[in-house]
1. Restricting to Cα pairs below 8 Å that are 6+ residues apart, what does the relative contact order work out to for the chain? Please round to a whole percent.
2. Could you give the accessible area per residue of segment 1-134, probe 1.4 Å, as a whole number in Å²?
3. Which value, in Å², gives the accessible area per residue of segment 136-225 when a 1.4 Å probe is used on the protein heavy atoms?
4. Report, to the nearest whole %, how much of the accessible area of the chain belongs to carbon and sulfur atoms, 1.4 Å probe, protein only.
5. Report the dimensions of segment 22-88 along its three principal axes from the alpha-carbon atoms, largest first, rounded to Å.
6. If the only charges are +1 at each Lys and Arg Cβ and -1 at each Asp and Glu Cβ, what is the size of the charge dipole of the chain around the Cα centre, to the nearest 20 debye?
7. Compare the Cα positions of Gly179, Leu130, Leu41 along the charge dipole of segment 3-223 (+1 at Cβ of Lys, Arg; -1 at Cβ of Asp, Glu; about the Cα centre) and return the one farthest towards the positive end.
8. Only Lys, Arg, Asp and Glu count, each charged at its Cβ (+1, +1, -1, -1), so figure out the dipole size of segment 20-136 about its Cα centre, rounded to 20 debye.
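The values are calculated or read from the model by the stated rules, or taken from the named source; none is laboratory data. Keep in mind that what you see is a predicted model, and the values were worked out from it rather than measured. Positions of Cβ are generated from backbone atoms using ideal geometry, with glycine treated the same way; all protein chains shown enter the neighbour counts. Quick note on the areas: whole protein, heavy atoms, side chains included, nothing else; ligands and nucleic acids left out. Shrake-Rupley method; radii C 1.70, N 1.55, O 1.52, S 1.80 Å.
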Amino acid sequence: MSVLGTVTTVLAGMVFGLAIAAPPGPMNAVIAEESVLRGWLSGVWAGLGAMAADACFFVLALVGVVAIVERVPAIRGAAFAVGGLLMLYFAYDAARSANDDHAAATGERRGFAKAFALAITNPYQVVFWLTIGVGMLEPGRIDVLEPLSSELAGTLVVATGSPALLVGFFAGIAAWVVGFPTTLVAAERRLTGVGSTVAYASALVLAGFGVAFLGEALAMLGSLV
């Protein structure tokens with residue numbers, strides 16, 4: 001692959017990483033909460049926690065370990081249950097800390113553990129790395145913008161099978177990990193009440209996903225009885 005081709009592939013991977021990282025979900029809820037309550041660095045640490053879990057899943061998917069989670073319903077159901085309970089607990093913690101002036105004193109790096117714990121117990125991320133994630137290193141093609149919107153499907157399709165695509169993918173996630181907390185902290189400094197509003201919104205998102213995950217767990221584990 002030429003230098004121009006490598007640069008293009010890296011840029012395409014960055015766009016894909018941003019497309020995966022940007023949509024609302026439990027990870028961004030934790031990043032948002034940590035950013036507005038405990039500062040920019042805490043938000044970045046939370047993002048790095050989710051990113052570290054993705055890196056773990058990637059390695060485990062390559063060696064075939066995470067495939068076990070997909071094949072064994074009991075393990076998948078247990079993961080949904082643990083993830084759901086964690087999300088409900090963190091939702092409670094976010095709501096409790098929304099108006100707590102001493103929230104920042106709890107430590108900047110606690111977000112890393114929170115986001116990592118949520119991500120590592122998320123079966124949806126297992127499925128992602130079993131399919132699209134590992135597929136980035138296998139010869140083929142990938143629709144970069146489809147995760148953002150079905151209307152954008154087919155706009156940017158790139159060839160897979162190059163490590164450059166994976167490098168760009170994680171670089172895109174890293175850009176979101178830095179940029180998202182930066183935006184939130186800037187908004188909090190300019191507008192009164194943004195911090196508590198974002199924290200309560202994060203709590204609602206986490207609670208919603210927590211209930212949904214527990215529902216999935218009950219359905220999966222109930223079918224095994």
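1. That works out to 41 percent.
2. 44
3. 55
4. Looking at the chain in its full context, I get 70 percent from C and S.
5. Between the extreme Cα coordinates on each principal axis of segment 22-88 lie 40, 26, 18 Å.
6. Rounded to the nearest 20 debye, it is 220 debye.
7. The Cα lying farthest towards the positive end belongs to Leu41.
8. In debye, rounded to 20, segment 20-136 gives about 260.
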